[in-house]
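K.L.:
My structure is below; once you've seen it, I'll send some questions.
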Amino acid sequence: MLEKNLKKYIDLLISRYPILSKIEQEIIEAYLLMEACYKNGGKLLIAGNGGSAADAEHIAGELMKRFKRPRPVKGEFAERLKQIDRERGVGLANNLECSLMAIPLVAHEALTTAYINDVDGLGVFAQQLFGYGKTGDVFLGISTSGNSENIMNATVVARAMGIKVIGLTGMTGGELAEVADVVVKAPEEETYMIQELHLPIYHCWCLMLEEKFFGIK
């Protein structure tokens, strides 16, 4: 069940992009999976190819620092920083921001290029998921076709490890739609048009997560 103070972000999304009303419930269900993951101490692992790889990094950037609202560290930790280093600690206490842990699997060039070169080009996300993931995490696989082989390989590892899978795809959903716990199918068929809808969807998720975990109680 979506809290009332979070529903406003869904309403805003739909008002700005009416075409997304067709998949409103799936957007909410994907959000609730991420919320439950973070409540239980999990993290989000994200992967995609090309423009979707950029989206993976974009999402992590919104979650690992402030998106719209301040996320100051707690007073007790701020005091510990100041006690450890009177000069640097003050600056860190003022500038550090609380995070929702998100790892873009596209961002580790030395690891990924080594694995692609030495082992398997289509298994690189699966390898990272196996190394970084744990039961209770969520894997967000972004694929406009829903058929990206490196994403599909990662879903096999995710399911074997007890990691929930969210698919962010285009209208057809592809193979990813058949295995994801929740699939969000942007209702377009052209790749660039699908990607144009992915951005407001994941911005909405980031806004909702920030409100949930860092909003005024």
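K.L.:
For segment 16-37, what are the residues that are out of contact with any helix residue (DSSP H, G or I) (no Cβ under 9 Å at 6 or more places or on another chain) and among the small types (Gly, Ala, Ser)?
P.N.:
Our first condition is that a residue be out of contact with any helix residue (DSSP H, G or I) (no Cβ under 9 Å at 6 or more places or on another chain); within segment 16-37, this holds for 18, 22, 25-26, 29, 32-33, 36-37.
Within segment 16-37, Ala36 is the sole residue that qualifies.
K.L.:
Hey, Met161 hits all of (1) of a type in the set (A, V, I, L, M, F, W, C); (2) crowded, with 16+ Cβ neighbours inside 10 Å; (3) in contact with a Gly (Cβ under 7 Å, 6 or more places away or on another chain); (4) within 25 Å of Leu100 (Cα to Cα) but one; which does it fall short on?
P.N.:
Of everything listed in (1) of a type in the set (A, V, I, L, M, F, W, C); (2) crowded, with 16+ Cβ neighbours inside 10 Å; (3) in contact with a Gly (Cβ under 7 Å, 6 or more places away or on another chain); (4) within 25 Å of Leu100 (Cα to Cα), Met161 misses just condition (2).
Here is a yes/no grid of residues against (1) within 19 Å of Thr155 (Cβ to Cβ); (2) without any contact (Cβ under 8 Å) to a residue 40 or more places away in the chain:
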| residue | (1), (2) |
| --- | --- |
| Met1 | no, yes |
| Asp11 | no, yes |
| Glu24 | no, yes |
| Glu29 | yes, no |
| Met34 | yes, no |
| Ala47 | yes, no |
| Gly50 | yes, yes |
| Glu57 | no, no |
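K.L.:
What is the residue count in segment 193-217 for residues that are without any contact (Cβ under 8 Å) to a residue 60 or more places away in the chain and not in a loop (DSSP other than H, G, I, E, B)?
P.N.:
Total meeting the criteria: 3.
K.L.:
Further, regarding this structure: Mind listing whichever residues of segment 100-120 are assigned to a loop (DSSP other than H, G, I, E, B), closer than 21 Å to Tyr31 by Cβ and in contact with a helix residue (DSSP H, G or I) (Cβ under 7 Å, 6 or more places away or on another chain)?
P.N.:
Those that are assigned to a loop (DSSP other than H, G, I, E, B), closer than 21 Å to Tyr31 by Cβ and in contact with a helix residue (DSSP H, G or I) (Cβ under 7 Å, 6 or more places away or on another chain): Leu100, Leu105.
K.L.:
Out of the residues in segment 1-58 that are of a type in the set (D, E, K, R) and outside any helix (DSSP H, G or I), state the one that is surrounded by the fewest Cβ atoms within 10 Å (Cβ to Cβ). Give the derivation first.
P.N.:
Quick first cut of segment 1-58, residues of a type in the set (D, E, K, R) only: 3-4, 7-8, 11, 16, 22, 24, 26, 29, 35, 39, 43, 55, 57.
Going one step further and asking which of them are outside any helix (DSSP H, G or I), we end up with 3, 43.
On the way: Glu3: 12, Lys43: 20.
Only one residue fits best here, namely Glu3.
K.L.:
Can I ask one more? Among the residues of segment 121-139, are any of a type in the set (Val, Ile, Thr), in a helix (DSSP H, G or I) and crowded, with 17+ Cβ neighbours inside 10 Å? Please lay out each step first, then the result.
P.N.:
Residues of segment 121-139 of a type in the set (Val, Ile, Thr): 124, 135, 138.
If we keep only those that are in a helix (DSSP H, G or I) as well, we get 124.
Checking the rest, the ones that are also crowded, with 17+ Cβ neighbours inside 10 Å come to 124.
Yes - at least one qualifying residue is present in segment 121-139.
Quick note: the coordinates plus some simple rules give every number you see, no bench work behind them. Because the structure is a prediction, the values reported are computed rather than measured. Cβ atoms come from the backbone with ideal geometry, glycine included; neighbour counts cover every protein chain shown.
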